[in-house]
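Asker: Provided herewith is a single structure, encoded as structure tokens, for subsequent inquiry.
The values are calculated or read from the model by the stated rules, or taken from the named source; none is laboratory data. Just so you know, these numbers come straight off a predicted model, no measurement behind them. Cβ coordinates were reconstructed from backbone atoms using ideal geometry, including for glycine residues, and neighbour counts include every protein chain displayed.
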Amino acid sequence: MMRNFEGWLAAAEAMQPQTVALRRAIHREPELGLDTPKTIAKVKQALHGLPLQWKEGRSSSGLVAVLEGASPGHTVLLRGDMDALPMPEDTPLDFRSALDGAMHACGHDAHTAMLVSAAKILCARREHIAGRVLFMFQPGEEGHHGARFMIEDGLLDNPKPDAAFALHVIPNVATGHFTGRTGAALASDDTFQVVLRGKGGHASTPSLAVDPIPVACEIVLALQSLITRRVDVFDPVVVTVAELRAGTAHNVIPETVYLAGTIRALSEQARGFVGEKVRHVIEAIAAAHDCTAEIDILAGYPVTLNDARVMALVGRVITETFGPASWTTAAAPVMGAEDFSYVLQRVPGAMIFLGVCPEGQDHRLACPCHSNKMMLSEAALARGVAAHCAVAEAFLIDGFDHAS
């Protein structure tokens, strides 16, 4: 396989009308969770007739398309997620969501379209490929553990990839610019849910009741003290109480209060420590005020850890393909979470970000991912397609031999 760094960008730019058309078609018909049949149908139609083998699982609509090269070699995985978010869209786009309560507000429509175009380009060069490329089209990234289900279904076995790569678009980075970091790139994401139970009564006689509302307020403040006083500032954790519901009338002390929130960490050690301490703080404060606490801590995605060797290769490839000014090493991780982390637990790999700030906007002020007004610059998509191709080429040629 010959090096083709400049050729990949030219090929991606020639494919741009198809990439944009597919992205818009997916955006118009967003699908949620683990079942994305319309999106899968669009992917299969776009890749129909190409020299690909298809692997599908039983737990989701995820699939892996396998491109076997003309000769033996390494195996590299490229991933694109497909699902949308359960939220309304409030953009002026003429291809905005046709489904009330669902929107591609995290760029997965772009991820899928870029991966399809990369597959087309790499299939056209199959005779030059030594090894194989796995194109992972994944549903259920938005909280549904789609990558884990695909792994449990065996879709990443036989062949098992030697390296994995994913792109995530972000409106808050200049258009066409790439950024990423070695090690913890995104946080883990666990959820806690608490039912705090006291004794209801009349608001005029709190001494005859056990009021759980001030106890809940004390818990909220104590969780912040837990973070500032018990957690190493160089191994950061975020604990946020995002829901607090209590009461039905102004003159009734309720029996229960419901609290829920999120725990974000950048290491498994901090994740385990804080999860244990959150439980202890809630139970102890509840007991001190004669309340009980029913606590569920639901494990979410692990920390997304970028492999140093893959990141060295990716940084080299991006700068050689698009120029040194196109790449910045991120100074800090993102406290959002990603289920590509499940793949990276099994395979050395990396997820990096591609800037897609809409034209004419300051990227620092652009509506971010998960905003109902999130939009992106489609001009950057060709760079994403080319990056997929160039990273796959570099790994299939060099493996990790020249990554550092």
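Asker: In the range 112-149, how many are more than 17 Å from residue 349 (Cα to Cα) and either buried (at least 24 other Cβ atoms within 10 Å of the Cβ) or within 20 Å of the chain's Cα centre (by Cα) (or both)?
Answerer: Within the range 112-149, residues that are more than 17 Å from residue 349 (Cα to Cα) and either buried (at least 24 other Cβ atoms within 10 Å of the Cβ) or within 20 Å of the chain's Cα centre (by Cα) (or both) number 17.
Asker: Let me ask another. Which residues, counting only those in the range 147-173, are of a type in the set (Lys, Arg) and either without any contact (Cβ under 8 Å) to a residue 40 or more places away in the chain or touching a strand residue (DSSP E or B) at 6+ places or on another chain (Cβ under 9 Å) (or both)? Quick ask: steps written out before the conclusion?
Answerer: Taking the range 147-173 and keeping what is of a type in the set (Lys, Arg), we get 148, 160.
The answer is 160, and nothing else.
Asker: Tell me which of these residue 341 doesn't satisfy, since it passes every other one: (1) among the small types (Gly, Ala, Ser); (2) out of contact with any Pro (no Cβ under 9 Å at 6 or more places or on another chain); (3) part of a helix (DSSP H, G or I).
Answerer: Only one criterion in (1) among the small types (Gly, Ala, Ser); (2) out of contact with any Pro (no Cβ under 9 Å at 6 or more places or on another chain); (3) part of a helix (DSSP H, G or I) is unmet by residue 341, namely (2).
Asker: Something else now. Residues in the range 226-247 that are under 25 Å from the mean Cα position of the chain (by Cα) and either on the phi > 0 side of the Ramachandran plot or free of Cβ contacts under 8 Å to residues at least 12 places away in the same chain (or both): how many?
Answerer: 2
Asker: Can you name the condition, by its number, that residue 98 falls short on among (1) in contact with a helix residue (DSSP H, G or I) (Cβ under 9 Å, 6 or more places away or on another chain); (2) crowded, with 21+ Cβ neighbours inside 10 Å?
Answerer: Failing condition for residue 98: (2).
Asker: Tell me yes or no: at least one residue of the range 58-65 is free of Cβ contacts under 8 Å to residues at least 12 places away in the same chain and over 20 Å from residue 167 (Cα atoms).
Answerer: In the first step, residues of the range 58-65 are kept if they are free of Cβ contacts under 8 Å to residues at least 12 places away in the same chain; the result is none.
No, the range 58-65 contains no residue that is free of Cβ contacts under 8 Å to residues at least 12 places away in the same chain and over 20 Å from residue 167 (Cα atoms).
Asker: Test of understanding: among 332, 350, which residue is modelled with pLDDT under 95, among the aliphatic types (A, V, I, L, M) and either in the same structural domain as residue 79 (by TED's automatic domain parsing) or part of a loop (DSSP other than H, G, I, E, B) (or both)? Give the derivation first.
Answerer: Numbers: 350 fails: modelled with pLDDT under 95.
Result: 332 is the single residue among 332, 350 that is modelled with pLDDT under 95, among the aliphatic types (A, V, I, L, M) and either in the same structural domain as residue 79 (by TED's automatic domain parsing) or part of a loop (DSSP other than H, G, I, E, B) (or both).
Asker: Turning to a different aspect of this structure: Looking at the range 81-134, which of its residues are assigned to a loop (DSSP other than H, G, I, E, B) and among the polar types (S, T, N, Q)?
Answerer: Keep residues of the range 81-134 that are assigned to a loop (DSSP other than H, G, I, E, B), which gives 82-84, 86-102, 104-107, 125, 129.
Within the range 81-134, 91, 97 meet the criteria.
Asker: When you go through (1) assigned to a strand (DSSP E or B); (2) farther than 26 Å from residue 119 by Cβ; (3) aliphatic (A, V, I, L, M) one by one for residue 365, which number turns out not to apply?
Answerer: (1)
Asker: Hey, another quick one. Please tell me if residue 349 is buried (at least 24 other Cβ atoms within 10 Å of the Cβ) and under 17 Å from the mean Cα position of the chain (by Cα).
Answerer: Details: buried (at least 24 other Cβ atoms within 10 Å of the Cβ): yes; under 17 Å from the mean Cα position of the chain (by Cα): yes.
Criteria met by residue 349.
Asker: To continue, here is another question. Any residue at all in the range 208-224 that's within 30 Å of residue 366 (Cβ to Cβ) and surrounded by 17 or more Cβ atoms within 10 Å (Cβ to Cβ)?
Answerer: Initially, the range 208-224 is screened for residues within 30 Å of residue 366 (Cβ to Cβ), giving 224.
Filter again for surrounded by 17 or more Cβ atoms within 10 Å (Cβ to Cβ), leaving none.
No: zero hits.
Asker: Considering the range 4-31 alone, what residues qualify as being of a type in the set (A, V, I, L, M, F, W, C) and either surrounded by fewer than 20 Cβ atoms within 10 Å (Cβ to Cβ) or closer than 19 Å to residue 387 by Cβ (or both)? Break it down into steps so the answer makes sense when it comes.
Answerer: Initially, the range 4-31 is screened for residues of a type in the set (A, V, I, L, M, F, W, C), giving 5, 8-12, 14-15, 20-22, 25-26.
Of everything in the range 4-31, those that are of a type in the set (A, V, I, L, M, F, W, C) and either surrounded by fewer than 20 Cβ atoms within 10 Å (Cβ to Cβ) or closer than 19 Å to residue 387 by Cβ (or both) turn out to be 5, 8, 9, 10, 11, 12, 14, 15, 20, 21, 22, 25.
Asker: Looking at the range 197-206, can you tell me whether even one residue there is under 23 Å from residue 246 (Cα atoms) and either part of a helix (DSSP H, G or I) or in the same structural domain as residue 333 (by TED's automatic domain parsing) (or both)? Full working, then the answer.
Answerer: As a first pass, look at the range 197-206 and keep what is under 23 Å from residue 246 (Cα atoms): 197-206.
With either part of a helix (DSSP H, G or I) or in the same structural domain as residue 333 (by TED's automatic domain parsing) (or both) added as a condition, the list becomes 206.
Yes, there is a match, as at least one residue in the range 197-206 is under 23 Å from residue 246 (Cα atoms) and either part of a helix (DSSP H, G or I) or in the same structural domain as residue 333 (by TED's automatic domain parsing) (or both).
Asker: Does at least one position in the range 136-151 carry a residue that is of a type in the set (D, E, K, R) and over 24 Å from residue 338 (Cβ atoms)?
Answerer: Of all residues in the range 136-151, those of a type in the set (D, E, K, R) come to 141-142, 148.
Imposing the further condition that a residue be over 24 Å from residue 338 (Cβ atoms) reduces the set to none.
Looking through the range 136-151, none of the residues is of a type in the set (D, E, K, R) and over 24 Å from residue 338 (Cβ atoms).
Asker: I'd like to check something: does the range 355-371 contain any residue that is at pLDDT 95 or above, under 23 Å from the mean Cα position of the chain (by Cα), within 25 Å of residue 309 (Cα to Cα) and in the same structural domain as residue 81 (by TED's automatic domain parsing)?
Answerer: Checked against the condition, which is being at pLDDT 95 or above, under 23 Å from the mean Cα position of the chain (by Cα), within 25 Å of residue 309 (Cα to Cα) and in the same structural domain as residue 81 (by TED's automatic domain parsing), the range 355-371 yields at least one hit.
Asker: When you scan the range 248-299, how many residues do you find that are buried (at least 22 other Cβ atoms within 10 Å of the Cβ), within 28 Å of the chain's Cα centre (by Cα) and in contact (Cβ under 8 Å) with a residue 60 or more places away in the chain?
Answerer: Counting residues in the range 248-299 that are buried (at least 22 other Cβ atoms within 10 Å of the Cβ), within 28 Å of the chain's Cα centre (by Cα) and in contact (Cβ under 8 Å) with a residue 60 or more places away in the chain gives 7.
Asker: Moving on. Go through the range 52-80 residue by residue and tally those that are over 24 Å from the mean Cα position of the chain (by Cα), in a loop (DSSP other than H, G, I, E, B) and exposed (fewer than 14 other Cβ atoms within 10 Å of the Cβ).
Answerer: Residues meeting the conditions: 1.
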